[in-house]
Ligand code: AMP
């Protein structure tokens, strides 16, 4: 595996890899890699000739009161994991390489970024769109792999890639979970043992919505109310939002005619957890 930290070295490294092989899969991450990230690397390895991974804790997607400094950065561990999974290249640039002095250009997306994570984390998706656009330009992948865990992010990035004419496919892969159902996240390490126990409420709330939907409930309001009740069984949990939305537009819907995404964000102490599920009328 090639390990690269500068933009100057990235081009030649990719060129050398591309020479013998054709398609490039790309897995952008912020590191602290877990089984969720590794599943994306595995999907890319299965489908593409070359797999490039990036580890970059992107400062522009963190708000001033957020955990940029505290965010875990176990780069040696991440490098070993990428090697073990058979990635061909790991790009792990320092911040000054991506945002050198005088940096002034951002990708601002409207509409899809205005609600949910974008409303609570002001500016978050501008940072996400900017860094993804930069990374897509640098790596020039044929397919970029994202997790369903960050559902709104996958919609926002797909829209950005289309709007900015990136010639690539966005592939969204299923959420990988702990045995008790909690979606894997680099931020789960912030949870105290008690908060970690209560964090299973998110998956249980989604299970409840899925069960009601399977029994024929199509109205959003009873689904949301039932999920709220499940979350409130966890005394430390505070709901940021629960919403039933159109899976493409992210607009809230009252009734599920064909498909919906159910989005959920919950605070446990200072830690925010997000999760979601898709509901499809058969
Ligand atoms: P992050 O390092 O948190 O920015 O995540 C990098 C990529 O991994 C994003 O596309 C996430 O959606 C994806 N990801 C994070 N957690 C999971 C998970 N539990 N299952 C699947 N994909 C995930």
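A few comments on the model shown:
- Taking the range 74-98 as the range and being part of a loop (DSSP other than H, G, I, E, B) and buried (at least 18 other Cβ atoms within 10 Å of the Cβ) as the test, the residues that pass are 87, 88, 92, 93.
- Those residues of the range 43-55 which are outside any helix (DSSP H, G or I) and more than 9 Å from the ligand (Cβ to nearest atom), in sequence order: 48, 49, 50, 51, 52, 53, 54
- The range 142-170 residues that are without any contact (Cβ under 8 Å) to a residue 60 or more places away in the chain, paired with ones that are part of a helix (DSSP H, G or I) and more than 14 Å from the ligand (Cβ to nearest atom) (beta carbon under 9 Å, 6 or more apart): 156/118; 160/133; 161/133; 164/133; 166/133; 166/137; 170/162
- Taken over the range 257-277, the criterion of being surrounded by fewer than 14 Cβ atoms within 10 Å (Cβ to Cβ) and in contact with a helix residue (DSSP H, G or I) (Cβ under 8 Å, 6 or more places away or on another chain) is satisfied by 270 alone.
- Of the listed requirements (1) closer than 26 Å to residue 30 by Cβ; (2) without any contact (Cβ under 8 Å) to a residue 24 or more places away in the chain; (3) away from the ligand (no atom under 12 Å from the Cβ), residue 212 misses just one: (1).
- Screening the range 134-149 for residues that are within 13 Å of the ligand (Cβ to nearest atom) and part of a helix (DSSP H, G or I) and picking the one that is nearest to residue 59 (Cα to Cα) gives 135.
- Each residue in the range 12-42 was checked for being outside any loop (DSSP other than H, G, I, E, B), surrounded by 14 or more Cβ atoms within 10 Å (Cβ to Cβ) and either more than 10 Å from the ligand (Cβ to nearest atom) or at pLDDT below 95 (or both), and 8 pass.
- Take the conditions (1) under 23 Å from residue 87 (Cα atoms); (2) more than 14 Å from the ligand (Cβ to nearest atom); (3) under 16 Å from the mean Cα position of the chain (by Cα); residue 118 misses just one of them, which is (1).
- The range 212-256, residues that are farther than 27 Å from residue 159 by Cβ, touching a helix residue (DSSP H, G or I) at 6+ places or on another chain (Cβ under 9 Å) and assigned to a helix (DSSP H, G or I): 212, 222, 226, 228, 229, 230, 231, 232
For every residue, the table says whether it meets (1) surrounded by fewer than 16 Cβ atoms within 10 Å (Cβ to Cβ); (2) within 18 Å of the chain's Cα centre (by Cα); (3) at negative phi.
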residue	(1), (2), (3)
173	no, yes, yes
176	no, yes, yes
180	yes, no, yes
185	no, yes, yes
195	no, no, yes
205	no, no, yes
209	no, no, yes
224	no, no, yes
236	no, no, yes
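- Reported count of residues in the range 171-193, each being closer than 21 Å to residue 234 by Cβ and either more than 7 Å from the ligand (Cβ to nearest atom) or in a loop (DSSP other than H, G, I, E, B) (or both), is 15.
- Of the residues making up the range 156-170, those that are assigned to a helix (DSSP H, G or I), surrounded by fewer than 23 Cβ atoms within 10 Å (Cβ to Cβ) and within 14 Å of the ligand (Cβ to nearest atom) are 158, 161.
- Residue check for residue 203: within 29 Å of residue 28 (Cα to Cα), more than 14 Å from the ligand (Cβ to nearest atom) and assigned to a helix (DSSP H, G or I): no
- Any chance residue 62 is closer than 30 Å to residue 241 by Cβ, surrounded by 13 or more Cβ atoms within 10 Å (Cβ to Cβ), within 16 Å of the ligand (Cβ to nearest atom) and without any contact (Cβ under 8 Å) to a residue 60 or more places away in the chain: no
The values are calculated or read from the model by the stated rules, or taken from the named source; none is laboratory data. Just so it is clear, the model here is predicted, and its values are computed rather than measured. Please note: Cβ atoms are built from the backbone with ideal geometry, for glycine as well, and neighbour counts cover all protein chains shown.
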